[in-house]
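**Q** The following block contains the structure, expressed as structure tokens.
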Amino acid sequence: TGTRVNEDYLIEDVPYNLYNRSEDFSHGGYSKFQASIADTTIQSPISSSFVQSISSTVSSSSTFSFINQNLSNPDGQVMTTFSVYAKKGTYNRLGFSNRSNNTFGVIYDLDSGTVVNENNGTGQILASSIQSAGNGFYLCSVTLEKSNQYNIHPVPSDVSSASQLRGNSMNYSTLGNILIFGAQAVKGSKLKPYLKTTDRLDIPRIDYTNG
């Protein structure tokens with residue numbers, strides 16, 4: 001790891017995407033809770049890579065379904081912005097949450113391109129947004145005052161309360177899925193251009209040839 005001067009002439013860490021394996025949600029670095037990941041042949045909206053689907057795996061009227069990855073950096077005490085590209089599958093909603101420390105929840109509608117609901121538990125949501133990325137995909141993001149974990153939920157269309165993401169009461173009586181790609185967590189309140197990561201250092205190339 002290291003630092004560089006960014007486009008705002010501020011010093012930032014590199015690599016700036018704090019998520020490892022940002023496109024491989026099936027990797028063991030992601031914990032799965034009543035959720036499964038499958039490969040698809042659907043191309044991402046920003047590259048030639050294929051997206052994956054996240055599916056609920058337990059049929060129940062009162063349960064939960066999500067994947068997550070703990071961030072080793074930052075330590076959970078700084079502002080971070082988390083984002084994922086998503087497209088509707090048999091479900092049409094996506095949820096982000098933290099269920100343990102600095103709890104929160106946000107639900108996004110992948111049909112209408114709107115934020116359905118936000119909920120602050122012990123955490124503090126500073127902003128949330130959804131913007132079209134083309135071909136039915138949306139870039140969904142949330143900025144937290146502090147958080148060291150982001151859960152990604154496939155959400156049925158009849159779930160509208162983001163507080164349910166933090167508990168065990170979501171209605172998954174019908175199994176379903178959504179498509180996801182490109183998880184990214186960055187320090188600060190600004191979205192940055194997506195940077196793919198694996199389990200090694202993915203440091204952006206810096207061109208020194210033009211001065």
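The values are calculated or read from the model by the stated rules, or taken from the named source; none is laboratory data. Computed from a prediction, not measured in an experiment: that's the story for all the values here. Note: ideal-geometry Cβ built from the backbone for every residue, glycine included; neighbour counts use all protein chains shown. Remember, those area values only see protein heavy atoms, side chains included, never the ligands or the DNA or RNA. Shrake-Rupley method; radii C 1.70, N 1.55, O 1.52, S 1.80 Å.
**Q** Using a 1.4 angstrom probe, figure out how much accessible area segment 31-90 has per residue, in square angstrom, rounded to the nearest whole.
**A** 46
**Q** Can you compute the FRET efficiency between Thr114 and Ser31 using 1/(1 + (r/R0)^6), with r the Cβ-Cβ distance and R0 = 30 Å? Round to the nearest 0.05.
**A** 0.55
**Q** More than 27 angstrom separation, counting every C-alpha pair in segment 17-151; what % is that?
**A** More than 27 Å apart: 15 percent of the Cα pairs in segment 17-151.
**Q** How high is the relative contact order of segment 73-128, in percent, counting Cα pairs under 8 Å that sit 6 or more residues apart?
**A** 25
**Q** Where the accessible area of segment 50-172 is counted over protein heavy atoms with a 1.4 Å probe, how much of it, in %, is carbon and sulfur?
**A** Whole-percent figure for carbon plus sulfur exposure: 40.
**Q** Right, next: What lysines does Lys192 reach when the alpha-carbon gap must be under 21 Å and sequence neighbours fewer than 8 apart in one chain are set aside?
**A** Within the straight-line cut-off, Lys192 pairs with Lys87, Lys146.
**Q** Using alpha carbons only, how many angstrom separate the centre of segment 94-130 from the centre of segment 132-202?
**A** Each part reduced to its Cα centre gives a spacing of 9 Å.
**Q** Under a plain spin-label model, where a point goes 7 Å from the Cα along Cα-to-Cβ, how far apart in nm are Ser173 and Ser62?
**A** If labels sit at Ser173 and Ser62, their model points lie 1.4 nm apart.
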